[in-house]
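Where a number appears in this text, it was derived from the coordinates with a stated rule and is not lab data. All of these numbers come straight from a predicted model, not from anything done at the bench. Positions of Cβ are backbone-derived with ideal geometry, glycine not excepted, and every protein chain shown enters the neighbour counts.
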Amino acid sequence: MLGETPGSPGPPPRSSAEGRPLSAPPILLASTSPQRRAILGQLGIPFEVVAPSYEEHGDDPVEHAAGKARSVDSGNQPVLGVDTIVRCAGRVLGKPGGAKEAAEMLGVLSGRTHEVVSGLCLRTDSWEELDSETTLVTFRPLTAHDIAAYISSGEWRIVPGRTRSRGWAPHSSSASRATT
């Protein structure tokens with residue numbers, strides 16, 4: 001932080017005129033995703049889950065994130081909307097309809113580099129910030145056994161259209177930042 005020296009504890013917490021610590025209202029998370037809840041929880045960010053009323057059309061994750069955040073009545077609390085897509089071999093891989101489709105998607109990802117693109121919208125009634133992040137993920141070639149093991153793990157149901165970097169994930173990744 002500006003003006004801090006290495007090892008310093010940082011600036012003192014903000015406080016009210018009465019000396020009580022100030023606390024921001026919790027972020028409204030415009031998502032019912034367990035993964036999104038887990039991320040905010042791990043970061044220690046106070047939040048409340050509000051199901052968005054937004055129907056996705058097209059493949060733009062920033063547009064979807066904004067649509068989700070804008071669909072929530074916030075009462076001027078900050079609202080966070082996020083959406084992620086996977087793009088490989090010129091197509092967007094969505095949520096598989098079943099184990100067979102999930103196995104076919106893994107076949108498409110096998111031995112290739114694909115993009116995981118996340119769109120983000122953080123907004124209140126008076127301001128809005130849009131951003132995106134693209135991570136390049138390269139899968140090693142997968143065997144039929146690899147694919148069968150992943151399908152039998154059931155993880156494809158938890159993280160539709162993508163794999164996680166924890167647990168089963170035969171890949172390496174690198175991030176590149178893109179601001180919209």
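Would you tally the net charge around Asp125, using a Cβ to Cβ cut-off of less than 13 Å, leaving Asp125 out, and scoring K and R as +1, D and E as -1?
Result for the neighbourhood of Asp125: 0.
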I need the semi-axes of the equivalent ellipsoid of region 41-82: take the C-alpha gyration tensor, multiply each eigenvalue by 5, square-root it, list largest first in whole angstrom.
20, 13, 8
Protection proxy ranking, peptides 61-69, 107-115, 26-34, 38-46, average beta carbon neighbours within 10 Å, highest first
61-69, 26-34, 107-115, 38-46
Mind putting a number on the dipole of region 27-178 about its Cα centre? Charges go on the C-beta only, +1 for Lys and Arg and -1 for Asp and Glu, and I need it in Debye to the nearest 20.
640
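How many percent of the alpha carbon pairs in region 27-178 exceed a separation of 25 Å? It would help to have the intermediate numbers written out before the result.
On the way: 3779 of 11476 pairs.
Taking all Cα-Cα pairs of region 27-178, the fraction more than 25 Å apart is 33 percent.
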